[in-house]
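Let me begin by presenting the structure, written as structure tokens, before commenting on it.
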Amino acid sequence: MLAVVVVTASIVSTTLMFRAMGAEGDAKRELARANEKADSARRVAALMVERFQSADPETSQGAPRTAQEILEDGAERVLGSLRNAPEIRAELLDAIGQAFMGLALFAPARVHLEQSLELRESLYPESTHPLGHVDLLASLVHLGTLEAATSRFDEAEALLADLEDRDEQRT
């Protein structure tokens, strides 16, 4: 009887040890992911500060720059310098697209939002996340908002249907 108790206790303790090791590994992966996100946020912030400093009359040379010019310059820089940082590139393309949309400059907004969506679709394939990565979902929502704002309701509805399909696959 004592042998059964010892064997059972040994099995339970070994199982608990493996679960704890697995949880520790999960925690380390989550910490690494959080550190990567924080680094990305710092890089995005630095790039945005640099872009908007170009609008400062004290640091810029010549005539004051418009918001559209600053956005266009920022987009050019994003496309040129962030090829090795696709998540940051997608984030900035999305932000620039939203800014263009806020200025009612819908054609460049569409270009940037579509590029962001395309990049995020390659970064976060559906097979790894049934509903989709949060950034991918944000791109779909932003592009859908643009389509509705420009009275392209069929396109907006198709994007909404894509979101609904992803939700149904998840459940």
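Taken together, the values in this text are just the output of simple stated rules run on the coordinates, not laboratory data. Predicted, not measured: the structure shown is a model, and the values here were computed from it. Note that each Cβ is placed from the backbone with ideal geometry, even for glycine, and that neighbours are counted across all protein chains shown.
Say each of Arg19 and Asn84 gets a label point 7 Å from the Cα, pointing the same way as Cα to Cβ; how far apart are those two points in nm?
4.4
Using a 7 Å offset from the Cα along the Cα-to-Cβ direction at both Arg29 and Thr66, what is the distance between the two label points in nm, to one decimal?
Reported label-point gap for Arg29 and Thr66 is 4.9 nm.
Going highest first, how would you order 139-146, 117-124 by mean Cβ packing within 10 Å?
Values: 139-146: 20.5, 117-124: 17.5.
The most tightly packed comes first, giving 139-146, 117-124.
With label points built 7 Å along Cα→Cβ from the Cα atoms of Asp162 and Thr8, find their separation and express it in nm.
So the two model labels end up 5.6 nm from each other.
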